[in-house]
Amino acid sequence: MIKASSNAAGLPFLPANLLGGLLCLHRSQSKSGSMATTTMEPESAAETSVPQAKTITLAECQGHMSDKDCWLVVDGKVYDVTPFLDEHPGGFDTLVSNSGKDATEDFDEIGHSRAAKEMLAKYYIGDYAGGASRKASKAAPAVSGAEAASSTLSSLLKALLPILIVLAAVYYLQLTQQAKAAA
């Protein structure tokens, strides 16, 4: 059973961590004088309204780029990760080097776990004025003919180089065996 506490006015209220918390339980008297009904009404409109998220600009974020004060922008939200710097598995310098800019792409490329992504909520301080980052499209970006040829050649060399090295080694061993047999 949930026990209600009393506020300064002596009226009972529910704890804030419960659904409907910070609501006073007011007993209304019927005309007969009995306290038959109980209604829940907010103590004030300010207590029940959802606070607006602060909007933070890039310029503000750029003022927090040190190991003493570090803000990150990830997916359109700004996080003050200063308390986490010493605990970050990748080292504090990784976070500091990604501060003062939209670090969404870098954050996503690392492949952070779901737990790491959920941990961000603890450090949330506001929304980024630049909005949420556009996710990199799944489709390959358009490349020019020269870039495509260069990329194909590079891929071919990466695949053939180990094979060429093995063939050269086998050829060398055969030559040395033939030289020994001839001598």
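Distance in nm between label sites at Lys68 and Ser155, each 7 Å beyond Cα in the beta-carbon direction?
Distance between the two pseudo-spin positions: 5.0 nm.
Report the full-extension gain for the segment Ile163 to Ser97: residue separation times 0.36 nm, less the Cα-Cα distance, to one decimal in nm.
Values: separation 66, 0.36 × 66 = 23.76 nm, distance 4.00 nm.
Going from the current span to full extension adds 19.8 nm.
How do the peptides 91-102, 74-85 rank, highest first, by the average count of neighbouring beta carbon atoms within 10 Å per residue?
The peptides rank, most packed first, as 74-85, 91-102.
Amide H neighbours of Asp127 under 5 Å, counting only residues 5+ apart in sequence or on other chains, H built in-plane at 1.01 Å?
Lys54, Thr55, Ile56, Val78
Hey, can you grab everything whose amide H is under 5 Å from the amide H of Lys101? Only 5+ residues off in sequence or another chain; H modelled, so Pro and N-termini drop out.
Amide H neighbours of Lys101: Val73.
Give me the extension gain from Asp86 to Ala121: residue separation times 0.36 nm, minus the current Cα-Cα distance, reported in nm with one decimal.
Additional length available on full extension: 10.8 nm.
Here, each number is a calculation from the coordinates, and none is a lab measurement. These figures come from a predicted structure and were not determined experimentally. Here the Cβ is made from the backbone with ideal geometry for all residues, glycine too, and neighbour counts use every protein chain on show.
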